[in-house]
Amino acid sequence: MNKDFVNHLAWTSDHPLGLEIASAEGPFLYLKNGDTLIDFISGIAVSSIGHRHPSVLHAVRSQLDAHLHVMVYGEFIQLPQVEYARNLTGILPPSLDCVYFTMSGTEANEGALKLAKKYTGRTRMIAFEHSYHGDTHGSLSVTGREVYQKPFRPLLSDVFFLPYGDFDALSLIDQQVACVIAEPIQGEGGMRVPPQKWFATLRARCSDAGALLILDEIQTGFGRTGHNFAFEYEEIVPDILTLAKAMGGGMPLGAFVSSKEIMQTFRRDPPLSHVTTFGGHPVSCAAANATLDVLINEQLSDRASVLEDHIRLKLKHPLICDLRGRGAMIGLELPSPDIAQKVVQSCLEHGVLLGWTLHSGTVIRIAPPLNISLEVLSVALEIILTALQKVEDSNHCI
Ligand code: PMP
């Protein structure tokens, strides 16, 4: 492994993949050792329009010629920010008409939680078991997995976790609650899809209690689940929508989006209630604007449903206990973490990059770029099927 990677980079596990990237293009990762991988996780749902999409490269190059960072967020009028905010809100419901840009997903959730507290004057937050909302202190406080929270206590107090998808538990949302934060599909929780009408019930309960509903679409957003945003499928509108990942087409960008009425809470008492230096970086916003054009013009949300149909049709094997998710956000549940790990490893050796989910060791993540060709998709699915068979055969031998 690269010596400087070993000596000078902070590792987040004892066993990083350590693949040395030479370049990336479309659905492919090219490694320094000459190998090619089909990227079946898109940098964890980031490269939804593929790596180095020509429209994004063009937008980035044009913005490089104009300006880079010029001022902390919100003071100057920067064309890439205002144009993108207009275009993004143009595909959202009318009540989501005001954008606060951030640099990342966790920062978007931090802003959303603060906004809900300040707007409602309440402190209580409700989140869900097996959720993932990011790793800064606020987002971690609403991330529903004890093993990740424990080393960092004390976190935010007055946070309660309810079972995801449980109708009865929603009765605990009362007038003390500032906000409820939820993912439309729990990505790190193992691609868990809630029962039908659960989100509609949650929405109604929040409205009755005067609690704001924050939908974290950091992973589900921008076409991934077969709709531009997953809340469209649920036929609800959140009070605050948080976004990141695929937003910037490979550049770092996040946002929380709400109504002007709610968002103006940050203007006073005190002014500058929430500030970021790099949020809405002009190069990232230019890239995001191009990404949004690609998403719409190439009808990539429809494409996600086409990919789902192919995956569901072809990926049939006795080791698959469950295949769940929506669009091109699919989880394969296998009998054990050991089997899941062997399948991922075998796929990697044969040219397909898959991933795990943070909270569910038995679930393999499938999240290819939405514009992957059906030919490349089929090649990858064949490699996965071969890996499943190989692991099944080796298990029988033991
Ligand atoms: N929310 C969800 C649903 C996510 O999947 C992630 C990232 N995996 C985050 C928040 C945090 O985003 P970031 O890593 O950009 O801070």
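Quick note: the coordinates plus some simple rules give every number you see, no bench work behind them. Computed from a predicted structure; not experimentally measured. Glycine gets a Cβ as well: all are built from the backbone with ideal geometry, and neighbour counts include every protein chain shown.
Numerical summary
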quantity	calculated
Net charge, V46 excluded, C-beta distance under 14 Å - Lys, Arg +1, Asp, Glu -1	+2
Net +/- balance of residues flanking F152 in space, Cβ distance below 13 Å, scoring K and R +1, D and E -1	+1
Convex hull volume per residue in cubic angstrom - Cα atoms of region 73-161	123 Å³
Overall form of region 149-199 per C-alpha gyration tensor (a/c, 1.5; a/b vs b/c)	oblate
Volume of the Cα convex hull of region 165-266, divided per residue and given in Å³	113 Å³
Rounded to whole Hz, the Karplus (6.51, -1.76, 1.60) HN-Hα couplings of region 348-365, x for glycine and proline	4, 5, 10, x, 10, 8, 10, x, 9, 10, 5, 9, 9, x, 8, 9, 9, 8
Relative contact order of the chain, defined on C-alpha pairs under 8 angstrom at six or more residues apart (%)	22 percent
Karplus-derived HN-Hα couplings along region 24-32 (A = 6.51, B = -1.76, C = 1.60, θ = phi - 60°), whole Hz, x at Gly and Pro	8, 8, x, x, 10, 10, 9, 9, 4
For T106, net neighbour charge (Lys/Arg +1, Asp/Glu -1) across residues whose Cβ lies under 13 Å away	-3
For region 20-130, Kirkwood radius (reciprocal of mean inverse C-alpha pair distance, Å)	17.8 Å
Cut-off under 5 Å, modelled amide H: who pairs with N371 long-range	G50
Karplus (6.51, -1.76, 1.60) ³J(HN,Hα), θ = phi - 60°, over region 51-61, in Hz, Gly and Pro reported as x	6, 6, 4, x, 5, 5, 4, 5, 5, 5, 4
Listed residues T120, H130, Y233: farthest to the positive end of the dipole of region 100-249 (Cβ charges)	T120
Computed helical MRE - 222 nm, the chain, DSSP H runs ≥ 4 contributing -39500 (n - 2.57), nearest 500	-11000 deg cm²/dmol
Equivalent-ellipsoid semi-axes of region 305-390, from the Cα gyration tensor, Å, largest first	18, 14, 12
Where only alpha carbons of region 308-356 are counted, the Rg and the Dmax (Å)	10.9, 28
Overall dimensions of the chain as given by Cα atoms, namely Rg and Dmax in Å	21.0, 69
For peptides 286-299, 373-386, 210-223, sequence by mean Cβ density within 10 Å, most packed first	210-223, 286-299, 373-386
Values of log10 I(q)/I(0), in the order q = 0.10, 0.12, 0.20 Å⁻¹, for region 217-327 under a Debye, Cα-only, solvent-free model	-0.41, -0.56, -1.13
Selected from L300, L243, L323 as most flexible by GNM, with the chain as the system and alpha-carbon contacts under 10 Å	L323
Reciprocal mean inverse distance between Cα atoms of region 181-229 - Kirkwood radius, Å	11.6 Å
Computed over region 46-147: relative contact order in percent, which uses C-alpha pairs under 8 Å that are six or more apart	16 percent
Residue order, fewest to most surrounding Cβ atoms within 10 angstrom, among S171, S258, S336	S171, S336, S258
Estimated inter-spin distance, D338 and V275, nm [label 7 Å along Cα→Cβ]	5.6 nm
5 angstrom amide H check on Q176, placed H, neighbours 5+ away	none
Cβ-derived FRET efficiency at R0 22 Å, S207 paired with S259, nearest 0.05	0.95
23 Å Cα cut-off, lysine pairs counted over the chain (separation 8 or more, or different chains)	11
